[in-house]
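K.L.:
Encoded as structure tokens, here's the structure I'll be asking about.
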Amino acid sequence: KRPASVAGDAAKLKRDLLPAFGPHKAEAIERADVRTLLQGIVTRGAPIQANRTLALLRKIYNWGIGEDLVTRNPCDRLPAPAKERQRDRVLNEVELRALMVALPTSRVSRPVQLILQLQLLTAQRCGEVLRARWDQIDLTGTWWTIPAEMAKNGLSHRVPLSPQAVAVLEEARQLSPSSATVFPSPRADKPMVITTVGLAVRRNAGDFAAVGGFKPHDLRRTAASHL
């Protein structure tokens, strides 16, 4: 799995699955136990997280069946506890201008500002922007090559870099000149995690009131729609 997916699964295990089921034998877990766990996650206000936790637990048991460690899956035919609706938010041209004006004066950190700009300028996913490394980027030839193992769709592809995108990357290099990662975590020379970007936008939502609200994931869709 991609590093972000591994981290997400580990968080689900640590927060919910291990506290609830860790002390018990795998064969002892019943459908009612799973349903109770999921309802608790929904009740605390995280319905989509409940869906993801169910999916992870189902995979764990399916793996166990394949390895002859268990004989049944308590998640079998258990419906997802929450309905999911795919976001379709696309910023219009007025909102895009408002965003670009608001970003430099917002309380969001400068690296996060650059990440959001690069999403718009390259039409790439936030996770792919965060995992970018300098050895993938050719500022002279103005290309960014995303390797297959770092692309969500599992396909390697080259992203052309406009002059504006090159300027963003050059500033990012000045901010962290010794890092192999374009947007390193403040605590270590490894990529910033995607939740940091989303949290920064949510905490400073008032700075983007003129934009009408947005999430980092909306920017790739916005770029693609305008193209």
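K.L.:
Output the residue which, of all residues in the range 19-44 that are of a type in the set (A, V, I, L, M), over 23 Å from the mean Cα position of the chain (by Cα) and under 13 Å from Leu56 (Cβ atoms), is surrounded by the fewest Cβ atoms within 10 Å (Cβ to Cβ). Give the steps one after another, and end with the answer.
P.N.:
So in the range 19-44, the residues of a type in the set (A, V, I, L, M) come out as 20, 26, 28-29, 32, 34, 37-38, 41-42.
Next, only the ones that are over 23 Å from the mean Cα position of the chain (by Cα) stay: 20, 26, 28-29, 32, 34, 37.
From the residues that got through so far, the ones that are under 13 Å from Leu56 (Cβ atoms) too are 20, 34, 37.
Details: Ala20: 18, Val34: 24, Leu37: 20.
Per the criteria, the residue is Ala20.
K.L.:
Kindly indicate the residue of the range 112-156 that is open to solvent by 30 Å² or more (accessible area, probe 1.4 Å), over 13 Å from Leu169 (Cβ atoms) and among the basic types (Lys, Arg) and also modelled with the lowest pLDDT among those meeting that condition.
P.N.:
Within the range 112-156, the match that is modelled with the lowest pLDDT is Lys152.
K.L.:
Of the residues Thr105, Thr71, which is exposed (fewer than 14 other Cβ atoms within 10 Å of the Cβ), over 28 Å from Arg220 (Cα atoms) and in contact with an Asp or Glu (Cβ under 8 Å, 6 or more places away or on another chain)? Walk me through how you get there before you give the answer.
P.N.:
Details: Thr105 fails: over 28 Å from Arg220 (Cα atoms).
The conditions single out Thr71.
K.L.:
Considering Val197, Val201, Val193, which residue is touching a residue at least 60 places away in the same chain (Cβ under 8 Å), in contact with a Cys (Cβ under 9 Å, 6 or more places away or on another chain), more than 23 Å from Leu139 (Cα to Cα) and of a type outside the set (Lys, Arg)? Outline the logic, then answer.
P.N.:
Numbers: Val201 fails: in contact with a Cys (Cβ under 9 Å, 6 or more places away or on another chain); Val193 fails: in contact with a Cys (Cβ under 9 Å, 6 or more places away or on another chain).
Exactly one residue qualifies, and that residue is Val197.
K.L.:
Of all residues in the range 201-221, which are touching a helix residue (DSSP H, G or I) at 6+ places or on another chain (Cβ under 7 Å) and in a helix (DSSP H, G or I)?
P.N.:
Val201, Asp207, Phe208, Ala210, Val211, Pro216, His217, Leu219, Arg220 - these are the residues of the range 201-221 that are touching a helix residue (DSSP H, G or I) at 6+ places or on another chain (Cβ under 7 Å) and in a helix (DSSP H, G or I).
The values are calculated or read from the model by the stated rules, or taken from the named source; none is laboratory data. All values derive from a computational prediction rather than experimental measurement. Cβ atoms come from the backbone with ideal geometry, glycine included; neighbour counts cover every protein chain shown. Ligands, DNA and RNA are stripped out before the accessible areas are found, and what is left, the full protein with its side chains, is counted by its heavy atoms. Shrake-Rupley method; radii C 1.70, N 1.55, O 1.52, S 1.80 Å.
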